[in-house]
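Student: Please read through the structure below; I'll follow up with questions.
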Amino acid sequence: MRPIGVFDSGVGGLTVVKELIHQLPHEDIVYFGDTARVPYGIKSRETVIRFSIENILFLLKQDVKLICVACNTASSFALPVIKNHFKVPIVGVISPGVREAVYATQNKRIGVIGTKGTIKSRTYEIEINQLEPEVKVTAVACPLFVPFVEEGWLSGDVVLDVARTYLKPLKDARVDTVILGCTHYPLLRPVIKQVLGENVTLIDSAKQVAVEVKKILGSENILNTKGKGKHSFYVSDNPEWFSGLAERFLGNSLKKKKKAVSG
Ligand code: DGL
């Protein structure tokens, strides 16, 4: 059976893989992390589009049946341009999160946090307002969150201080729903929750992405319903760094399923 292909700028897309494994246990998955060129969040639109196309071509060589763009920056910049240029279905992480957020908000004020690239692209704002023009969107880049997560700084005074500074515009705008628009941010959920308060709904699109992938595979009659899925991981550089971090992103429960990283 053909695998599902997933790519990200590095290790963060494993938050999406975790959900895919959970919801689609029979599917084989091939993951590509572009660790030689991470981070994408500070790169230009043109560069992110070029890298994304190269990543897709790599995955197509692995004969994938569907591609999931697990990176928010790549989904924001590249997906609108490349989506219809390939024969396999391509699913990004933006629309599933947008739908969930629009459904969740009561006061029609949604916050979006992401990399500089994701925020600059305005893709979230545009998609939210296409779905619900009345929603007021407050979007803020939180560039220090990615290195914090990669260094394992998931709590403590420094992280809390930075989070308070970044998230102030969202508090001022009195948003009731916030999209965690970056692969890494779900790992900072407790700090973000502490700053924004219990009443703010945090949206992590990974679950909805897996729901959408399952729906597409079902509708195209290519859903695997038997056997245990195999998972392969490829990186463009530094496999040791990747495997060191992989556990944090995949979660302990999946430790045993992790395969050796191939280069
Ligand atoms: N994967 C990226 C994203 O979700 C975060 C890391 C990066 O900047 O490459 O936007």
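The values are calculated or read from the model by the stated rules, or taken from the named source; none is laboratory data. Nothing here was measured: the structure is a model prediction, and the numbers come from that model. Here the Cβ is made from the backbone with ideal geometry for all residues, glycine too, and neighbour counts use every protein chain on show. Ligands, DNA and RNA are stripped out before the accessible areas are found, and what is left, the full protein with its side chains, is counted by its heavy atoms. Shrake-Rupley method; radii C 1.70, N 1.55, O 1.52, S 1.80 Å.
Student: Scanning for something more than 30 Å from residue 35 (Cα to Cα) and either at pLDDT 95 or above or open to solvent by less than 60 Å² (accessible area, probe 1.4 Å) (or both), does the stretch 180-194 turn up at least one residue?
Tutor: yes
Student: Moving on to the next point. Can you tell me how many residues in the stretch 46-78 are closer than 21 Å to residue 217 by Cα, aliphatic (A, V, I, L, M), more than 12 Å from the ligand (Cβ to nearest atom) and surrounded by 15 or more Cβ atoms within 10 Å (Cβ to Cβ)?
Tutor: 5
Student: Right, another one. For residue 11, which of the numbered conditions (1) in contact with a strand residue (DSSP E or B) (Cβ under 9 Å, 6 or more places away or on another chain); (2) surrounded by fewer than 24 Cβ atoms within 10 Å (Cβ to Cβ) fails to hold?
Tutor: (2)
Student: Let me ask another. What number of residues within the stretch 187-225 satisfy the criterion of being more than 11 Å from the chain's Cα centre (by Cα), in a loop (DSSP other than H, G, I, E, B) and not small (Gly, Ala, Ser)?
Tutor: 9
Student: A further question follows. For the stretch 129-172, what are the residues that are of a type in the set (A, V, I, L, M) and within 24 Å of residue 98 (Cα to Cα)?
Tutor: Passing the criteria: 131, 135, 137, 139, 140, 141, 144, 146, 149, 163, 167, 170.
Student: Do we find a residue being under 20 Å from the mean Cα position of the chain (by Cα), away from the ligand (no atom under 16 Å from the Cβ), crowded, with 20+ Cβ neighbours inside 10 Å and outside any strand (DSSP E or B) anywhere in the stretch 120-139?
Tutor: Yes, the stretch 120-139 has at least one match.
Student: Also: Can you name every residue in the stretch 142-186 that is within 13 Å of the ligand (Cβ to nearest atom), in contact (Cβ under 8 Å) with a residue 40 or more places away in the chain and part of a loop (DSSP other than H, G, I, E, B)?
Tutor: Scanning the stretch 142-186 gives 142, 143, 182, 183, 184.
Student: Restricting the search to the stretch 91-112, which residues are away from the ligand (no atom under 16 Å from the Cβ) and open to solvent by 10 Å² or more (accessible area, probe 1.4 Å)?
Tutor: Listed by number, the residues that qualify are 99, 100, 102, 103, 104, 105, 106, 107, 108, 109.
Student: For the stretch 163-179, what are the residues that are open to solvent by less than 10 Å² (accessible area, probe 1.4 Å) and either β-branched (Val, Ile, Thr) or in contact with a Ser or Thr (Cβ under 9 Å, 6 or more places away or on another chain) (or both)?
Tutor: Within the stretch 163-179, 170, 177, 178, 179 meet the criteria.
Student: Right, here's the next one. Would you confirm, using the coordinates I've provided, whether residue 228 is open to solvent by 80 Å² or more (accessible area, probe 1.4 Å), part of a helix (DSSP H, G or I) and not acidic (Asp, Glu)? Walk me through it before giving the result.
Tutor: Numbers: open to solvent by 80 Å² or more (accessible area, probe 1.4 Å): yes; part of a helix (DSSP H, G or I): no; not acidic (Asp, Glu): yes.
So residue 228 fails the test.
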